[in-house]
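Presented below is the structure to which this report refers.
The values are calculated or read from the model by the stated rules, or taken from the named source; none is laboratory data. In this text, all values refer to a predicted model and were calculated from it rather than measured experimentally. Glycine gets a Cβ as well: all are built from the backbone with ideal geometry, and neighbour counts include every protein chain shown.
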There are 2 protein chains.
Amino acid sequence: MYHDYTPADEIAKRLQALRAAVAAQKWDAALIVQDVDLFYFSGTMQNALLFCPPTGNAIMMVKKYQERAQRESAVEHVIPFSSWTELPTLITKHHGAMPKIIGVELDVLPTKDYLRLQRIFNDVTIADSAPAIQQIRRIKSAYEIDLMKKAGEIGKMVYAEVPQVLREGMTEIELAGIMVAEAMRHGHQNYLRMRAFNSYAFSWHVLSGPAGGELSFIDAPMGGIGLSPSFPVGASQKKIALHEPILIDFGICYQGYQIDETRMFCLRNVPREFKAAYEAACRIEAAITAGARPGASCRKLYETGWETARALGYEESFMGPPGYKTRFIGHGIGLEIGELPFIAEGHDYPLEQGMTFAVEPKMVFPGKGAVGIENTFAVTKDGVEKLTPADEQLIEV
Amino acid sequence: MYHDYTPADEIAKRLQALRAAVAAQKWDAALIVQDVDLFYFSGTMQNALLFCPPTGNAIMMVKKYQERAQRESAVEHVIPFSSWTELPTLITKHHGAMPKIIGVELDVLPTKDYLRLQRIFNDVTIADSAPAIQQIRRIKSAYEIDLMKKAGEIGKMVYAEVPQVLREGMTEIELAGIMVAEAMRHGHQNYLRMRAFNSYAFSWHVLSGPAGGELSFIDAPMGGIGLSPSFPVGASQKKIALHEPILIDFGICYQGYQIDETRMFCLRNVPREFKAAYEAACRIEAAITAGARPGASCRKLYETGWETARALGYEESFMGPPGYKTRFIGHGIGLEIGELPFIAEGHDYPLEQGMTFAVEPKMVFPGKGAVGIENTFAVTKDGVEKLTPADEQLIEV
């Protein structure tokens, strides 16, 4: 056995939450169409659809590969299907009646498939289930947090490798590749997931000196040069030089669960301004996490971060240069990047026990570099627990 | 300068083809919304939309990061914008009138964004531009094929590393990681692109012995164990043993352009049945490529592959076990996997000069392993040219 299966009691609890959401929305069913949601609610990521009414058994319809879906999933009612056109027949046969209103994840379903589903379902109303699913998935179980801790342990080993291999003149992408190889050896899946059109998550943000000051399309304080205009973010063919701040934002994914983490390195001694900025970033993180506990407002934690940055004199560089600042300092993370909660402007809801999120105070100095720290936390009964134990020293090699 | 910019004459030709398609479809404009299509038609992958009427200048509206989009792109008319709600105002101002029919890539646009666009555009008809764009992108220029050749050169170096590092007891994922690191060092972007909902492309299909016989959701002859049910394909924590056939299907992406390639390895001597199957796979590839030239029917090349497989006695294992065979032997490749042409059932159109495609005859033996070869080819004036020069010996280490 090379990995875990999601335990049956986890799946049972998640499906119960989905049923409750379907009932609360007054839908007749939810149809789970996206692979990550399918994995969350069923334990498998085979090619399948999950039909979930407000009461009774959920029905998983598997296109390929049925034997594996059954082995991996605790969903009891599993049937084969070969085409979406069979859906009305299968639903009528196994559920009893066609739903009048059905919830589907419209934030990710391609339009072409939506229009096809409309034709097949004829006069069924298709509602957007994404907000309800986002709410269910915002609270992580102990099982989920444990997988994120294992990802954090891998991160610790990967960052520990950096001082061993970092040397003058190596390219950012070469260092990134060595880190990727080390992470994969420990079980990192080398494919991060982000729920956003035209964006993607990846581990190898290795940004040295001026590369850290390069902005790009990505909704992050810094972008990086990247390998080409077709991947204009992260590590590049730029050679790493002495005395440059080297920001490494390296996410890890273990058995589907992700953590986000940033550490700083430098060849020889780091110039004083970057060291001071790094200390400020750590203080901003500390100010946010000191207030982070169940009931704390995410908006207020965001404001705390900004107040601390201003008090320390980093208003201009904090979270990006003027005009290009991100509207968040932290973001939820789990199976996907961009889950709830957001430590952000306008996110006026409380933290809750079991939420998991990354905090990433960063300063960007165009033409010079980027500096910052990032850790992933789980909200506990009365505070937060750090899931990312890698050494937090700014390491001078 | 760490990479190329797409030359202005390339962009001019591509935009001319898009204008012609808009005119042929009798649309008033195309609105390019997807990042890969945007890169193809503009040269940048910043956060932007490209509005292209049938005549006159295309207009690129950039959300972030304008300065970089302008540096990277040869599109002349570039304006800033901050929200989709501004589109009617911007289009009216810069184009003169709102279109009545507009083509948008509905195969990839999320439904939520489609519904939003419908509200913003009010009584504009939104047509699916994906088929027209697929047709434009099917023929690669010399510039594009040259980038694919560079990807092929990286692949050659990566496969040459395998006999140097392969040893008994290492895990599939460890070997995969070493190959990823070597590829990245040479400029591989470690993020492949596939135009398909709920699917993804990745390089590290390292499948040893029985792992090669494991099926999964993926539309490929073999799946692999993968790292967990949340990534149930490719390399796993399984240890590589002596005398197992090791199939390595490792795609490379250089400056956005991808090649697909499969080679075979074995620790010590490979059992005779796998060696024979590999020789058969090579003969099937040769039979297909011998007939591949402008004008050749893709369906007939597919049938040639199957006829050769049957004649060699591999009907049962070819392209997957019975009941789970793929309906293709080859697929187009370029900026994305799954471009035209497909060497497949029902694909009754001719090859054309400038098409690029991978051919991947593979045999799957459940419980024992997978065997096969894959190369990427460009269609020339009178045949095909191989873009993947890695050694084709089944290498016994």
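Looking at this structure, is A:Met222 in contact with a Pro (Cβ under 8 Å, 6 or more places away or on another chain), within 17 Å of A:Phe318 (Cα to Cα) and either touching a residue at least 40 places away in the same chain (Cβ under 8 Å) or not aliphatic (A, V, I, L, M) (or both)?
Numbers: in contact with a Pro (Cβ under 8 Å, 6 or more places away or on another chain): no; within 17 Å of A:Phe318 (Cα to Cα): yes; either touching a residue at least 40 places away in the same chain (Cβ under 8 Å) or not aliphatic (A, V, I, L, M) (or both): yes.
So A:Met222 fails the test.
Within the bounds of the stretch B:205-217, is there any residue that is under 17 Å from the mean Cα position of the chain (by Cα) and either of a type outside the set (Ser, Thr, Tyr) or outside the structural domain of B:Leu106 (by TED's automatic domain parsing) (or both)? Spell out how you get there, then give the answer.
Of the residues in the stretch B:205-217, the ones under 17 Å from the mean Cα position of the chain (by Cα) are B:205.
Retained after the next criterion (residues that are either of a type outside the set (Ser, Thr, Tyr) or outside the structural domain of B:Leu106 (by TED's automatic domain parsing) (or both)): B:205.
Yes, because at least one residue in the stretch B:205-217 is under 17 Å from the mean Cα position of the chain (by Cα) and either of a type outside the set (Ser, Thr, Tyr) or outside the structural domain of B:Leu106 (by TED's automatic domain parsing) (or both).
Tell me the strands (runs of 3 or more DSSP E) entirely within the stretch A:98-215 that contain at least 2 residues that are out of contact with any Ser or Thr (no Cβ under 7 Å at 6 or more places or on another chain).
Numbers: elements: A:101-104, A:125-128, A:205-208.
Those strands (runs of 3 or more DSSP E) span A:125-128, A:205-208.
Residues A:Leu227, A:Leu207: which one is touching a residue at least 24 places away in the same chain (Cβ under 8 Å), buried (at least 24 other Cβ atoms within 10 Å of the Cβ) and at the interface with chain B (Cβ under 7 Å from one of its Cβ atoms)?
Working: A:Leu207 fails: at the interface with chain B (Cβ under 7 Å from one of its Cβ atoms).
When all the criteria are applied, what remains is A:Leu227.
Kindly indicate the residue of the stretch B:252-266 that is in a loop (DSSP other than H, G, I, E, B) and within 14 Å of chain A (Cβ to nearest Cβ) and also farthest from B:Lys362 (Cα to Cα) among those meeting that condition. Let's see the steps before the verdict.
In the first step, residues of the stretch B:252-266 are kept if they are in a loop (DSSP other than H, G, I, E, B); the result is B:255-256, B:260-261.
Retained after the next criterion (residues that are within 14 Å of chain A (Cβ to nearest Cβ)): B:255-256.
On the way: B:Gln255: 28, B:Gly256: 26 Å.
By that ranking, first place goes to B:Gln255.
Kindly indicate the residue of the stretch B:95-130 that is among the polar types (S, T, N, Q) and touching a strand residue (DSSP E or B) at 6+ places or on another chain (Cβ under 8 Å) and also nearest to B:Ile59 (Cα to Cα) among those meeting that condition.
B:Ser129
Quick check on the stretch A:125-153: of everything there that is aliphatic (A, V, I, L, M) and crowded, with 22+ Cβ neighbours inside 10 Å, which residue is nearest to the other protein chains (Cβ to nearest Cβ)?
Narrowing the stretch A:125-153 to residues aliphatic (A, V, I, L, M): A:126-127, A:130, A:132-133, A:136, A:139, A:142, A:145, A:147-148, A:151.
Still in the list and also crowded, with 22+ Cβ neighbours inside 10 Å: A:133, A:147-148, A:151.
Values: A:Ile133: 13, A:Leu147: 9, A:Met148: 13, A:Ala151: 12 Å.
It comes out as A:Leu147.
On the phi > 0 side of the Ramachandran plot, of a type outside the set (D, E, K, R), touching a Pro at 6+ places or on another chain (Cβ under 9 Å) and crowded, with 20+ Cβ neighbours inside 10 Å, is that true of A:Gly234?
The answer is no for A:Gly234.
So the check is Cβ under 6 Å with 6+ separation or different chains; which pairs have a first residue in the stretch A:115-127 that's farther than 23 Å from A:Ala24 by Cα and a second one that's in a helix (DSSP H, G or I) and among the hydroxyl-bearing types (Ser, Thr, Tyr)?
Between residues of the stretch A:115-127 that are farther than 23 Å from A:Ala24 by Cα and residues that are in a helix (DSSP H, G or I) and among the hydroxyl-bearing types (Ser, Thr, Tyr), the close pairs are A:Ile120/A:Thr85.
It is to be established whether one or more residues within the stretch A:38-58 are free of Cβ contacts under 8 Å to residues at least 24 places away in the same chain and within 19 Å of A:Pro131 (Cβ to Cβ).
There is at least one residue in the stretch A:38-58 that is free of Cβ contacts under 8 Å to residues at least 24 places away in the same chain and within 19 Å of A:Pro131 (Cβ to Cβ).
Just to be sure before I move on: is B:Gly187 within 18 Å of B:Glu360 (Cβ to Cβ), among the small types (Gly, Ala, Ser) and within 22 Å of the chain's Cα centre (by Cα) in the structure I sent?
no
Does A:Val270 satisfy the criteria of being out of contact with any Lys or Arg (no Cβ under 7 Å at 6 or more places or on another chain), assigned to a strand (DSSP E or B) and modelled with pLDDT of 95 or more? Let's see the steps before the verdict.
Working: out of contact with any Lys or Arg (no Cβ under 7 Å at 6 or more places or on another chain): yes; assigned to a strand (DSSP E or B): no; modelled with pLDDT of 95 or more: yes.
Judged against the criteria, A:Val270 is not a match.
State which residue is surrounded by the most Cβ atoms within 10 Å (Cβ to Cβ) when the search covers only the stretch B:285-333 and only residues that are under 21 Å from the mean Cα position of the chain (by Cα) and on the phi > 0 side of the Ramachandran plot.
Only one residue tops the list, namely B:Met319.
Conditions: (1) within 12 Å of another protein chain (Cβ to nearest Cβ); (2) within 30 Å of B:Glu172 (Cα to Cα). A:Asn198 meets all but one. Number of the miss?
(2)
Residues in the stretch B:112-130: is at least one of a type in the set (Phe, Trp, Tyr) and touching a helix residue (DSSP H, G or I) at 6+ places or on another chain (Cβ under 8 Å)? Spell out the reasoning first.
Taking the stretch B:112-130 first, the residues of a type in the set (Phe, Trp, Tyr) are B:114, B:121.
From the residues that got through so far, the ones that are touching a helix residue (DSSP H, G or I) at 6+ places or on another chain (Cβ under 8 Å) too are B:114, B:121.
The answer is yes; a qualifying residue exists.
Can you tell me how many residues in the stretch A:96-116 are at pLDDT 95 or above and more than 28 Å from A:Asn198 (Cβ to Cβ)?
As a first pass, look at the stretch A:96-116 and keep what is at pLDDT 95 or above: A:99-116.
Now narrow it down to the ones that are more than 28 Å from A:Asn198 (Cβ to Cβ): A:99-101.
Qualifying residue count for the region: 3.
Among the residues of the stretch A:17-75, how many are away from every other protein chain (no Cβ under 14 Å) and either assigned to a strand (DSSP E or B) or under 24 Å from A:His3 (Cα atoms) (or both)? First the steps, then the outcome.
Step one: filter the stretch A:17-75 for residues away from every other protein chain (no Cβ under 14 Å), giving A:17-30, A:51-59.
From the residues that got through so far, the ones that are either assigned to a strand (DSSP E or B) or under 24 Å from A:His3 (Cα atoms) (or both) too are A:29-30, A:51-52, A:59.
Residues meeting the conditions: 5.
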